[in-house]
Amino acid sequence: MNKKVLVTGASGHLGGMLFKAMAKIGYSNLVGTDLKRKNIEKSEKFILANLRNFRTTLKMTKGVYAIVHFGAIPIEDIQHNILQNNIIGTYNLFEAARINKVKRIIFASSNHAIGFHKRTTRLNEFSTQRPDSHYGLSKAFGEELSRFYADKFNIKSMCIRIGSCLREPEDRRHLSTWISYRDLTQLIDIGIKHKSIHHEIVYGASENKKSWWNNSRAYKLGYKPKDSADRFDLNLLSKNEYKDKMALLFQGGVFTSANFKGNIKNIK
Ligand code: 15L
């Protein structure tokens with residue numbers, strides 16, 4: 001594809017991985033952006049910018065066809081930081097995209113937007129959001145923000161509720177949540193190229209037998225995961241297994257129990 005695609009968070013773990021992987025699968029007009037410049041080659045197009053700054057964001061989205069939005073704090077943080085970076089940053093990006101007539105946005109959502117669902121509940125694209133952290137709440141906001149911009153302004157979007165995107169699964173929870181780098185890259189590619197996308201919610205998971213998610217919507221859109229957590233040995237994965245009983249009950253794991261002041265019995 002030679003249309004211009006902007007990757008936010010291009011110096012980060014997943015944004016950085018995608019920035020390189022997309023170039024390899026034929027995206028010839030990629031521009032990366034982030035707060036810091038890290039692992040960016042001289043030959044790669046890169047803009048140093050903060051999404052909290054609307055003017056810069058507006059300038060940077062001119063002439064862009066699609067945005068792959070990974071530029072945010074990727075873990076739990078204090079409310080102020082999440083509000084500024086994840087919520088305001090994402091809002092600015094969508095508003096700039098609307099003004100500049102960007103066609104598509106792929107939003108890096110997270111399993112933490114639905115983290116307070118029990119591990120025994122099977123979810124699909126219609127399941128209710130149940131954020132487990134300020135971080136998860138910012139992802140839930142991003143999903144609804146993108147739905148609104150799709151319905152109201154016709155900016156097509158795909159939200160990927162990413163499980164655990166790592167080179168390999170590292171603990172038992174990952175047998176349910178893991179997605180490989182190449183499977184995530186495939187989902188992004190579908191989000192950018194599929195003809196009949198309006199607003200989509202899909203799960204960012206490889207083909208894991210122990211998955212808590214019915215990802216048939218992604219499969220309908222053409223997703224064919226190449227990887228699976230099933231081939232990893234359960235016993236080898238216990239090094240980071242949490243002893244935290246609450247974390248083991250909910251899909252979001254330790255994000256649910258951190259700073260928890262509620263009553264577990266009330267979370268049905
Ligand atoms: C996420 O959303 C985080 O960005 C990542 O650091 C992991 O915690 C992952 O979820 C997960 O739930 O495993």
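Each Lys and Arg adds +1 at its Cβ and each Asp and Glu adds -1 at its Cβ; summed about the Cα centre, the chain shows a dipole of about 580 debye.
Going by a ≥ b ≥ c, the root eigenvalues of the Cα gyration tensor, does the range 136-198 fall in the rounded group (a/c under 1.5), the prolate group (a/b larger than b/c) or the oblate group? Since a/c reaches 1.5 but b/c is at least a/b, the shape of the range 136-198 is classed as oblate.
Compactness of the chain, taken as the C-alpha radius of gyration over 2.2 N^0.38 Å, stands at 0.97. Phe46 contributes about 40 Å² of solvent-accessible surface, heavy atoms of the protein only, 1.4 Å probe.
In this structure, the amide hydrogen of Gly204, modeled 1.01 Å from its nitrogen in the peptide plane, lies closer than 5 angstrom to those of Arg161, Ile162, Gly163, counting only residues at least 5 positions away or on a different chain. Against the main long axis of the alpha-carbon atoms of the chain, helix 89-99 sits at an angle near 40°. When the Gaussian network model of the chain links Cα atoms closer than 10 Å, the mean-square fluctuations of Ser211, Ser43, Ser110 top out at Ser43. Taken as Cα centroids, the range 206-261 and the range 127-157 sit 21 Å apart, rounded to the nearest whole angstrom. Apolar share of the accessible surface for the range 52-201: 53 percent from carbon plus sulfur atoms, 1.4 Å probe.
Against the chain, whose longest principal axis is taken from its Cα atoms, helix 13-24 shows a tilt of about 50°. The value given for the range 103-152 is a Kirkwood hydrodynamic radius of 11.4 Å, derived from the mean inverse Cα-Cα separation. Note on the chain: with a GNM built from Cα contacts shorter than 10 Å, the maximum mean-square fluctuation among Ser216, Ser146, Ser109 falls on Ser216. Measuring between alpha carbons in the structure, the pairs from Lys36/Lys243; Lys20/Lys62; Lys20/Lys103; Lys45/Lys103; Lys152/Lys224 lying more than 24 angstrom apart are Lys36/Lys243; Lys152/Lys224. Sites listed here are trypsin sites (Lys or Arg not before Pro) in the range 126-192 whose DSSP assignment is loop and whose Cβ has at most 13 other Cβ atoms within 10 Å: Arg167. Per residue, the solvent-accessible area of the chain (1.4 Å probe, heavy atoms of protein chains only, all protein chains present) comes to 49 Å².
Which aspartates and glutamates, if any, have their Cα less than 14 Å from the Cα of Lys210, not counting same-chain residues under 8 positions apart? Excluding near neighbours in sequence, the set is Asp171, Asp227, Asp230, Asp233.
The H on the amide N of Ala49, modeled in the peptide plane, is under 5 Å from the matching H of Asp34, Leu35, each at least 5 residues off or on a different chain. Using a cut-off of 19 Å between Cα atoms, the listed pairs Lys3/Lys156; Lys4/Lys101; Lys101/Lys139 include Lys101/Lys139 as exceeding that distance. Helix 181-193 and the longest principal axis of the Cα set of the chain meet at an angle near 50°. Phi-derived couplings, Karplus 6.51 cos²θ - 1.76 cosθ + 1.60 at θ = phi - 60°, listed residue by residue for the range 72-79: 6, 5, x, 9, 5, 8, 5, 3 Hz, with x used for Gly and Pro.
The values are calculated or read from the model by the stated rules, or taken from the named source; none is laboratory data. The structure presented is a predicted model; accordingly, all values stated were derived computationally and were not measured. Here Cβ is always computed from backbone atoms with ideal geometry, including for glycine, and neighbour counts include all displayed protein chains. Only protein heavy atoms, including side chains, enter the accessible area calculation; ligands, DNA and RNA are left aside. Shrake-Rupley method; radii C 1.70, N 1.55, O 1.52, S 1.80 Å.
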